[in-house]
1. What do you reckon, is LYS8 at pLDDT 90 or above, basic (Lys, Arg) and open to solvent by 70 Å² or more (accessible area, probe 1.4 Å)?
2. Would you pick out the residues in the range 52-103 that are open to solvent by 90 Å² or more (accessible area, probe 1.4 Å), part of a helix (DSSP H, G or I) and within 23 Å of LYS24 (Cβ to Cβ)?
3. Hydrophobic (A, V, I, L, M, F, W, C), assigned to a strand (DSSP E or B), within 15 Å of the chain's Cα centre (by Cα) and at pLDDT 80 or above: is that true of ILE47 in this structure?
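The values are calculated or read from the model by the stated rules, or taken from the named source; none is laboratory data. Keep in mind that what you see is a predicted model, and the values were worked out from it rather than measured. Counting neighbours? That spans all protein chains shown, and the Cβs are built from the backbone with ideal geometry, glycine included. Only protein heavy atoms, including side chains, enter the accessible area calculation; ligands, DNA and RNA are left aside. Shrake-Rupley method; radii C 1.70, N 1.55, O 1.52, S 1.80 Å.
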Amino acid sequence: MVTQSNRKRPSNRAMQQALIVLGKALSDKLGVPMSPSLGTNSGPTLIPAAKAAEYLGVSQKTLANWRCSGTRGLQYVQVGSRILYRLNDLDDFILNSRKSSTSEKLAGRNA
């Protein structure tokens, strides 16, 4: 009988590499770009509102409206007067906004 103490635990590096491979496979399968910060220990990638709007394909005014109303659930960070977005939050927002039919309700609207 093999006990857990006899098994060699994979190294953190090996586990990180496996997660990167899995992340890339999921990214390809779901058609969502993988965050460039995946696999690094540099912390979350923060981008300014102008770049976030460009990344999402919306205007900065639309992002400002979403922040004020809070209806879309897109998280942001405010540092002083600067509005920043975590790249992972933008990717999650894109993933959670996927629809397969025009009859599906938009999240946060008339719900």
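1. Working: at pLDDT 90 or above: no; basic (Lys, Arg): yes; open to solvent by 70 Å² or more (accessible area, probe 1.4 Å): yes.
The answer is no for LYS8.
2. In the first step, residues of the range 52-103 are kept if they are open to solvent by 90 Å² or more (accessible area, probe 1.4 Å); the result is 54, 60-61, 68, 75-76, 78, 81-82, 96, 98, 100, 102-103.
Still in the list and also part of a helix (DSSP H, G or I): 54, 60-61, 68, 96.
Listed by number, the list holds a single entry, ASN96.
3. Details: hydrophobic (A, V, I, L, M, F, W, C): yes; assigned to a strand (DSSP E or B): yes; within 15 Å of the chain's Cα centre (by Cα): yes; at pLDDT 80 or above: yes.
For ILE47, the condition - hydrophobic (A, V, I, L, M, F, W, C), assigned to a strand (DSSP E or B), within 15 Å of the chain's Cα centre (by Cα) and at pLDDT 80 or above - is met.
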